[in-house]
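S.K.: My questions will all concern the structure given below.
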Amino acid sequence: MKISLCTISFRHQLIGLKDIAFWARDNGFQGIELWGVHARNQSPLAIHNAQWMAAQGLSVPMISDYLPLHDPDLLRDRTLALCAQARTWGAAKMRTFAGQQASAEATAGERRQTTRALREACIIAADHGLKLLVETHPGTLADSLTATCDLIDATDHDALAINFDALHVWEGGDDPVEARRILLPRIAHYHLKNVSARNRLDVFAPGNVYSAAGSRDGMVPLFEGAYDYSTLMAELAQDPACEASLEWFGDAVFQTLKSDIVQIRTRTQSDMPETAEAV
């Protein structure tokens, strides 16, 4: 299981990529998931680039951004730019959201517009040898298992994959373990985070998360929250190709990430199948 940290965790802190990378390397992470705004604002002449990261034993598995699916005129340019960023950083995956409207509220026309835009972005991604990942997230056309399956079918493109955010799947009323088994052929990445109670899920609303003055009350370490990760983590441990990111939005970033990855390693190591002894 390959685990990355997200640079979005440091969105309100003055910490450079070099220092984040050194810390990630020294604390057992294998990758750094770049937030789109960070990828765009890293100088192309910076020495702390993809090659430097690889020398530290780190990769950039994914760039997480927000494509303007509602704006056909802007979509192509933004998708091409994101592909260029992904290629620059050696990332095989690009993350976006399936619109800005909950599946239950979207009209048939709005669904068609979103899936048509996703398909166009997927065509561009495929031309660059990349995957476009849609995140399971409330307020989008991937806010439940049924909606996500419908979106995959309607988009109908092999470059479309899923960024499986287990907490948001749980928020949508589905069992993440069962949802994972159904979506598994399309899942290319996982986001891992937790919350203290179901009635605190609004702490992850974009308007709150992106605000420096937003509340962090309810954001808790991975194994201290309302969703029990035990079963899901045991299944992820059986998948050697699994790639996941710890998506921490709260305070005490370094302390929380360090504690979470230590616990993940401890739990998943015990869940790994034993190697047969040589005869």
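The values are calculated or read from the model by the stated rules, or taken from the named source; none is laboratory data. None of these values were measured; they are calculated from a predicted model. Using ideal geometry, Cβ is built from the backbone for each residue, glycine included, and neighbour counts are taken over all protein chains shown.
S.K.: Hey, does the stretch 144-158 have a residue that's surrounded by 20 or more Cβ atoms within 10 Å (Cβ to Cβ), of a type in the set (D, E, K, R) and either in contact with a strand residue (DSSP E or B) (Cβ under 8 Å, 6 or more places away or on another chain) or touching a residue at least 40 places away in the same chain (Cβ under 8 Å) (or both)?
M.R.: No; the residues of the stretch 144-158 include none that is surrounded by 20 or more Cβ atoms within 10 Å (Cβ to Cβ), of a type in the set (D, E, K, R) and either in contact with a strand residue (DSSP E or B) (Cβ under 8 Å, 6 or more places away or on another chain) or touching a residue at least 40 places away in the same chain (Cβ under 8 Å) (or both).
S.K.: Looking only at the stretch 1-48, count every residue that is out of contact with any Gly (no Cβ under 8 Å at 6 or more places or on another chain) and farther than 23 Å from D260 by Cα and tell me the total.
M.R.: So the answer is 12.
S.K.: Being charged (D, E, K, R) and in contact with an Asp or Glu (Cβ under 7 Å, 6 or more places away or on another chain) is the filter here, so list the residues in the stretch 84-118 that pass it.
M.R.: Within the stretch 84-118, the first condition is being charged (D, E, K, R), and the residues that meet it are 87, 93, 95, 105, 110-112, 116.
The answer is R95, and nothing else.
S.K.: Among the listed residues T148, T140, identify the single one that is among the hydroxyl-bearing types (S, T, Y), over 26 Å from G250 (Cβ atoms) and within 18 Å of the chain's Cα centre (by Cα). Full working, then the answer.
M.R.: Values: T140 fails: over 26 Å from G250 (Cβ atoms).
None of the others qualify; the one that does is T148.
S.K.: Which members of the stretch 210-226 meet the condition of being over 18 Å from the mean Cα position of the chain (by Cα) and assigned to a loop (DSSP other than H, G, I, E, B)?
M.R.: S211, A212, A213, G214, S215, R216, D217, G218, G225, A226
S.K.: Somewhere in the stretch 266-275, is a residue among the hydrophobic types (A, V, I, L, M, F, W, C) and at pLDDT 95 or above? Give the derivation first.
M.R.: If we filter the stretch 266-275 for residues that are among the hydrophobic types (A, V, I, L, M, F, W, C), which is where we start, we get 272.
Still in the running and at pLDDT 95 or above: none.
No - not one qualifying residue is present in the stretch 266-275.
S.K.: Right, next: At least 1 residues that are surrounded by fewer than 17 Cβ atoms within 10 Å (Cβ to Cβ) and among the aromatic types (F, W, Y) in each: list the helices (runs of 4 or more DSSP H) lying fully within the stretch 36-104 that qualify.
M.R.: Numbers: elements: 36-40, 50-55, 72-89.
Hits in the stretch 36-104: 50-55.
S.K.: I would also like to ask the following. Only residues that are in contact with a Leu (Cβ under 9 Å, 6 or more places away or on another chain), surrounded by fewer than 20 Cβ atoms within 10 Å (Cβ to Cβ) and closer than 30 Å to H128 by Cα: list them for the stretch 159-182, please.
M.R.: Answer for the stretch 159-182, where residues must be in contact with a Leu (Cβ under 9 Å, 6 or more places away or on another chain), surrounded by fewer than 20 Cβ atoms within 10 Å (Cβ to Cβ) and closer than 30 Å to H128 by Cα: just I182.
S.K.: What are the residues in the stretch 1-31 that are surrounded by 14 or more Cβ atoms within 10 Å (Cβ to Cβ), among the polar types (S, T, N, Q) and more than 17 Å from I264 (Cβ to Cβ), if any?
M.R.: Selection gives T7 alone.
S.K.: I'd like the full set of residues that are more than 21 Å from L58 (Cβ to Cβ) and of a type in the set (A, V, I, L, M), limited to the stretch 85-105. Before you say what the answer is, go through the steps one by one.
M.R.: We begin by selecting, within the stretch 85-105, every residue more than 21 Å from L58 (Cβ to Cβ); these are 96-105.
Within the stretch 85-105, A98, A102, A104 qualify.
S.K.: Testing A213 on (1) free of Cβ contacts under 8 Å to residues at least 40 places away in the same chain; (2) more than 30 Å from L14 (Cα to Cα); (3) not basic (K, R), one condition comes back false. Which one is that?
M.R.: Here A213 clears every test but (2).
S.K.: Which of the residues that make up the stretch 183-209 are assigned to a loop (DSSP other than H, G, I, E, B) and among the aliphatic types (A, V, I, L, M)?
M.R.: From the stretch 183-209, those assigned to a loop (DSSP other than H, G, I, E, B) are 193, 196-197, 205; that's our starting set.
Listed by number, the residues that qualify are A197, A205.
S.K.: Can you tell me how many residues within the stretch 106-143 are buried (at least 22 other Cβ atoms within 10 Å of the Cβ), outside any helix (DSSP H, G or I) and polar (S, T, N, Q)?
M.R.: Number satisfying all stated conditions: 2.
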